[in-house]
Amino acid sequence: MIPEDTLLEIFDFYRLDAMKRSRGKPWKWQRLAHVCRKWRHVVSVSPRRLGLQIFCISRGFIEFILATWPSFPLVLRFKCPKMKSLPRNLVFALRYPDRICELDLVLPSSMIGLITEAIQEPFLELERIQITSKDKKETPVLSTLLGGSAPRLKRIELDGVVVPFPSLRQLLLSTINLTLLQLHNITSTSYFSSDVVTVLSHPALARLIALDIQFRLSAFHSTLSRARPPPLTHATLSSLARLWYRGTSDYWEEFVAQIDSPVLTNIRITFLNQLIFNIQETCQFLSRMDRLKFLHKVVVGFFMGFVSIELCQRERRTWMWECNLEIICSQLDWQLSSATQILSQLSPLLPNVKRLDIRTSPTLPTGNEDVDSAQWLELFQLFPHSYTLFVAEPLGPCIAHALVDMVTETLPAFSLLSLSGYRKSPSAVEAVEKFVTMRTLSGHKVSVYG
């Protein structure tokens with residue numbers, strides 16, 4: 001008795017609720033189509049309004065479904081990292097490139113090689129492609145991807161798959177809807193120079209919101225040894241809000257020297273450990289961002305295998321995480337040295353920082369016995385206007401001992417010290433009491449909590 005247009009409104013509300021609960025999976029519209037002939041008719045004549053898609057996985061018989069609904073887009077999702085042969089449904093569905101709107105594959109490298117020919121055809125309806133190779137023994141090479149043409153493409157996510165840059169460039173310039181470009185585990189054979197900026201600044205990529213470039217560890221040395229020519233171009237990536245990078249500092253420096261990102265709000269940088277870091281271009285790049293000119297807190301984290309530096313900004317009583325920089329190294333003394341070196345170059349961004357947090361994992365990184373008081377002092381002196389120092393356990397007792405050796409002029413604005421776990425060590429308690437006495441006599445009172 002309900003009119004068809006009213007039914008359509010009800011179905012649409014049902015769809016929105018189902019998609020919210022399914023966490024990105026296609027909603028099960030077939031349940032509505034199986035109720036009665038009228039419902040089936042309403043569903044079938046409104047495919048775009050209801051976002052109808054056929055979800056193709058390893059189970060079931062996809063041939064019958066495709067024959068029943070001949071015009072609906074296909075979503076192909078196959079997570080088969082250890083399979084020795086291609087799933088039958090995947091082979092069959094790849095025969096319809098003109099219907100595939102999403103392609104999400106996790107396969108061993110040998111299996112990706114078997115579908116190379118199929119994914120070299122143009123996919124005119126494709127909106128998202130994600131291909132992941134979990135087999136690190138060999139890296140599959142795709143000489144051409146999607147025939148270099150996918151005009152509706154919005155997301156590209158490749159992990160452990162080699163696509164020569166000329167082919168990737170052709171694909172990127174074939175779409176005007178791309179919002180995410182994610183390239184992980186880039187090898188030396190698929191290395192592309194930072195003149196990729198000329199592609200990213202093309203009008204076809206004006207909607208790019210997120211860029212994620214991560215080189216494989218084995219490719220680091222290859223990128224380190226390459227010459228670093230002066231930037232040939234400068235571009236403004238006006239829509240870019242998220243920028244993640246993993247590789248050498250040299251490559252990153254060359255890249256950011258060529259770009260401005262006025263709306264960038266999420267930066268994550270990971271560097272390989274090295275003796276000397278020169279991040280002059282990074283400092284200039286960050287200083288051009290208005291949101292990073294009023295930092296309130298810096299968090300330095302010492303963890304197993306890496307050290308992290310987070311630059312934070314307070315906004316409406318919450319902390320906005322603006323920039324995260326990580327350095328891959330395992331020794332605590334190297335971590336501390338690297339963090340101090342990086343922060344000393346970022347010092348123009350630190351004058352308004354009121355709080356410094358020192359965090360760590362429950363188990364300290366190796367090399368903590370080689371850290372002396374002078375190294376901690378060198379780090380703390382970079383924050384002369386900070387009022388609060390928070391130190392997480394188990395570093396609390398270590399820094400408590402280091403405080404005694406610090407001159408009273410260190411951190412003159414310092415008034416609150418939180419050393420988690422220091423009271424568990426009698427010698428640390430004695431060191432803190434001595435430090436408090438020294439600061440009081442110098443006219444700079446400090447409160448200590450633990």
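Considering each residue of the range 10-30, count those that are exposed (fewer than 15 other Cβ atoms within 10 Å of the Cβ), among the charged types (D, E, K, R) and under 16 Å from Pro47 (Cβ atoms), and give that number. Counting residues in the range 10-30 that are exposed (fewer than 15 other Cβ atoms within 10 Å of the Cβ), among the charged types (D, E, K, R) and under 16 Å from Pro47 (Cβ atoms) gives 2.
Taking the range 278-301 as the range and being of a type in the set (Phe, Trp, Tyr) and at pLDDT 90 or above as the test, only Phe285 passes. Within the set Ala374, Ala413, the sole residue that is in a loop (DSSP other than H, G, I, E, B), within 26 Å of Gln345 (Cα to Cα) and in the same structural domain as Asp333 (by TED's automatic domain parsing) turns out to be Ala413. Taking every residue in the range 246-261 that is closer than 19 Å to Val307 by Cβ and pairing it with any residue that is among the hydroxyl-bearing types (Ser, Thr, Tyr) and outside any helix (DSSP H, G or I), at least 6 positions away or on another chain, the pairs with Cβ-Cβ distances below 9 Å are Arg246/Thr270; Gly247/Thr270; Trp252/Tyr245. Could you tell me whether any residue of the range 286-301 is farther than 24 Å from Leu181 by Cβ, within 18 Å of the chain's Cα centre (by Cα) and either surrounded by fewer than 16 Cβ atoms within 10 Å (Cβ to Cβ) or small (Gly, Ala, Ser) (or both)? So far as the range 286-301 goes, yes, one or more of its residues are farther than 24 Å from Leu181 by Cβ, within 18 Å of the chain's Cα centre (by Cα) and either surrounded by fewer than 16 Cβ atoms within 10 Å (Cβ to Cβ) or small (Gly, Ala, Ser) (or both).
Annotation note: of Phe72, Phe92, Phe64, Phe78, the sole residue that is aromatic (Phe, Trp, Tyr), touching a strand residue (DSSP E or B) at 6+ places or on another chain (Cβ under 6 Å) and not in a loop (DSSP other than H, G, I, E, B) is Phe78.
All conditions in (1) under 22 Å from Ala402 (Cβ atoms); (2) touching a Lys or Arg at 6+ places or on another chain (Cβ under 8 Å) hold for Thr340, with the sole exception of (2). Of the candidates Leu126, Leu158, Leu153, Leu178, the single residue that is within 29 Å of Asp98 (Cβ to Cβ), assigned to a strand (DSSP E or B) and modelled with pLDDT of 90 or more is Leu158. Ser194 fulfils the conditions (1) out of contact with any His (no Cβ under 9 Å at 6 or more places or on another chain); (2) modelled with pLDDT of 65 or more; (3) under 25 Å from Gly148 (Cβ atoms) except for a single criterion, (2). Among the residues of the range 61-71, is there at least one that is under 32 Å from the mean Cα position of the chain (by Cα), surrounded by fewer than 17 Cβ atoms within 10 Å (Cβ to Cβ) and not hydroxyl-bearing (Ser, Thr, Tyr)? Looking through the range 61-71, none of the residues is under 32 Å from the mean Cα position of the chain (by Cα), surrounded by fewer than 17 Cβ atoms within 10 Å (Cβ to Cβ) and not hydroxyl-bearing (Ser, Thr, Tyr). All of (1) at pLDDT 90 or above; (2) over 28 Å from the mean Cα position of the chain (by Cα); (3) of a type in the set (Lys, Arg) hold for Arg359 with one exception: (2).
Applying the condition of being of a type in the set (S, T, N, Q) and surrounded by fewer than 17 Cβ atoms within 10 Å (Cβ to Cβ) to the range 73-114 and asking which residue is nearest to Cys56 (Cα to Cα) yields Ser85. The condition of being within 27 Å of the chain's Cα centre (by Cα) and assigned to a loop (DSSP other than H, G, I, E, B) holds for only one of Pro365, Pro348, that being Pro365.
Residues in the range 32-49 that are part of a loop (DSSP other than H, G, I, E, B) and either in contact (Cβ under 8 Å) with a residue 60 or more places away in the chain or closer than 17 Å to Phe13 by Cβ (or both): Val35, Ser46, Arg48, Arg49.
Taken across the range 321-328, residues that are of a type outside the set (Val, Ile, Thr), modelled with pLDDT of 90 or more, part of a strand (DSSP E or B) and in contact with an Asp or Glu (Cβ under 6 Å, 6 or more places away or on another chain) do occur, with at least one present.
The values are calculated or read from the model by the stated rules, or taken from the named source; none is laboratory data. This structure is a prediction, so every number in the text was calculated from the model and none was measured. All Cβ positions, even for glycine, are placed from backbone atoms using ideal geometry, and neighbour counts span all protein chains on display.
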